[in-house]
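Since the structure comes first, as structure tokens, the remarks are kept for the end.
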Amino acid sequence: MNAQNLQSLLIEYDQKRNRAIIDAENRKVELYSQIPGLEKLDNDINSISIRTIKSILTTQNSNAPKELQKELSVLKNKKIDLLKNAGKSMDDLSPHFECSNCNDTGYIKTSNGSVLCPCIKQRLYNIQYNNSNIYDLENQNFSKFRFDFYSDTPDPEKYNSKISPRENMIKIKELCNHFIDNFDDPNENNLLFCGNPGLGKTFLSSCIANEIIKKGKTVLYQTAPIMLDNIIDYKFGKNNNDIVKSINNADLLIIDDLGTEAKNNLKITELFNIINSRLLNQNNKITKTIISTNLSLQDLYGTYEERILSRIIGSYTACYFFGDDIRIKRKIAK
């Protein structure tokens, strides 16, 4: 993980956290002027909160803290009612941080100390590894996914299937939704997207990535050629980005364009190590993988070793894409 990138992001996080806090203070001042009695309530709450802490630390009377806490609870309820009558809520007085997990600090506390929040880890992945087109979250999400680009006419001779391309995509989307909903289930399969170019494999991977990121997970996107080249370069000391560690730690790894990489024994071994390590959950957490390829299952058998194919066939749900090139249809539709 690049220390310079992390330092730059932490500075950015500190700035946006400060902006959120200042914005909350400005809203509070404005609400004080709009809602009579709110400022006094806040002052009373702060005063009793301080007295409660002092009482817990110094008093010999065990009932004193309880009495103060009851008084504090009454004042807080009055504050909630006062805000509600003005059409406001406690949220209007609080800082609106982008990440509710770390409150824009970049770190979350665990029983073992502070660790990087998934939100900042994702930013680091995006900077260091991810191809930007996988994170066009505005355009590459399920709300933009259109079934009408797929024919609803079955053509068994052309597609080697009794169902239409549209019906097939409906089933694939259901599998994708199931994958997202059950992401944390260690018994759920990974996904293998097969089929010709231009059928929406990368787009659908982006849609899934979008939803997984919303769950607070990290997603690492790599094309197979770049990923394997980077791993080889790292192992031979040609770069200092420990991509292997990032690949193993990412909650979701998307390997795009499998089959387009130059093949040799070293790369085949590294590909096996990646697939196998993530299946074994060697970092003691659930990790999932999506592999996308223009190769058919038959072509995969002719391209890769049996040990790789056995891992994929045994632990991945295969989704076979067929139909006409939807990129051409999109251009015509425009």
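The values are calculated or read from the model by the stated rules, or taken from the named source; none is laboratory data. Source: prediction; values computed, not measured. So basically every Cβ, Gly included, is an ideal-geometry build from the backbone, and we count neighbours across all protein chains shown. Remember, those area values only see protein heavy atoms, side chains included, never the ligands or the DNA or RNA. Shrake-Rupley method; radii C 1.70, N 1.55, O 1.52, S 1.80 Å.
Assorted remarks:
- For the listed peptides 208-218, 72-82, a ranking on the average number of other beta carbons within 10 Å per residue, highest first, reads 208-218, 72-82.
- Packing-based order for 116-129, 20-33, using average beta carbon neighbours within 10 Å, highest first: 116-129, 20-33
- Under 5 Å from the amide H of THR289 lie the amide H atoms of LEU191, LEU253, each residue being 5 or more positions distant or on a separate chain, with H modelled from the backbone and absent for Pro and chain starts.
- Sulfur and carbon atoms: percent of accessible area, the chain [1.4 Å]: 48
- Cα convex hull, region 182-295: 107 Å³ per residue, rounded to a whole number.
- Cysteines (scope the chain) whose Cβ has no counterpart Cys Cβ under 4.7 Å: CYS176, CYS194, CYS207, CYS319
- Hull shadow area, averaged, the chain [alpha-carbon convex hull, nm²]: 24.5
- A protection proxy built from the mean count of other Cβ atoms within 10 Å ranks the segments 224-234, 246-256, most packed first, as 246-256, 224-234.
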